[in-house]
1. Rank these for me by crowding, Ile31, Ile2, going from fewest to most other beta carbons within 10 Å.
2. Considering all projection directions equally, how large on average is the shadow of the alpha-carbon convex hull of region 125-169, in square nanometres?
3. Kindly point out which whole DSSP H helices in the chain project their C-alpha atoms 24 angstrom or further along the helix axis while averaging a Kyte-Doolittle hydropathy of 1.6 or above.
4. So between Ala137 and Lys165, what do we pick up on full extension, going 0.36 nm a residue minus the alpha carbon distance?
5. Neighbour counts of other C-beta atoms within 10 Å: give me Met123, Met1 arranged from fewest to most.
6. Given R₀ = 25 Å, what would the calculated FRET efficiency be for Arg79 paired with Glu23, taking r from the Cβ atoms and rounding to 0.05?
7. Enter the per residue convex hull volume of region 1-68, computed from alpha-carbon coordinates, in Å³ rounded to the nearest integer.
8. To one decimal place, what Kirkwood hydrodynamic radius in Å is obtained for the chain from all pairs of distinct Cα atoms?
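Values quoted throughout were computed directly from the atomic coordinates according to the rules given, and no laboratory measurement underlies them. Given the structure is predicted, the values throughout are model-derived calculations rather than measurements. Here the Cβ is made from the backbone with ideal geometry for all residues, glycine too, and neighbour counts use every protein chain on show.
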Amino acid sequence: MIPKYFFLTKGVGRHKENLASFELALRDASIQQCNLVSVSSIIPPGCKLVPKEKGTQMLHPGEITYVVLARNATNEPHRLIVASIGVAIPSEEHQYGYLSEHHSFGETEEIAGDYSEDLAASMLATTMGVAFDPPTAWDERKQLFMSSGLIIKTTDVTQSATGDKNGLWTSVVAAAVFLPQSSVPPQDSAHQQELIP
């Protein structure tokens, strides 16, 4: 199975049980109804990013659904947690792209999002022969990657939360959810354009 589409989503959940807080985070991300299978970090050639609202409509309860998933949890009051997925999409449709998972403690959404986006873009750049200096700031590398013409888009989806003040489990998730071609209803070209951001 080679996915033709994917979407990004995130969520947070709180509960006295760790597993239940994870379930609530999946509900918040609108993917709780699927049997999730974690996969590694490759975006297949030609796989299109669609909006979450369109993607969740293509899911079916109980189906096996492949995801790149970042998750984190704490029951420590006021502890900052974050989960992030970075995305790097190449300009050439025959080239594969990258997703990266990152989860940490004490980082803001902005810091974690930049880190995961940088990680995905750097992995893609190395496969495409783009020369860069790893210690340079992400903003500089991002400009270099875009100006190379080889990377068309980078982005991230990131969820942070602080641990519940009363010690309930707090879970965060961020995910890239793959959709098989069979999940996509036949569409005319005008509607197809609406799927692509």
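1. So the residues, fewest neighbours to most, are Ile2, Ile31.
2. Quarter of the Cα hull surface area: 5.2 nm².
3. none
4. Length gained between Ala137 and Lys165: 6.5 nm.
5. Going from least to most buried by this count: Met1, Met123.
6. Plugging the Cβ-Cβ distance into 1/(1 + (r/R0)^6) gives 0.75.
7. 89
8. When all Cα pairs of the chain are included, the Kirkwood radius is 17.3 Å.
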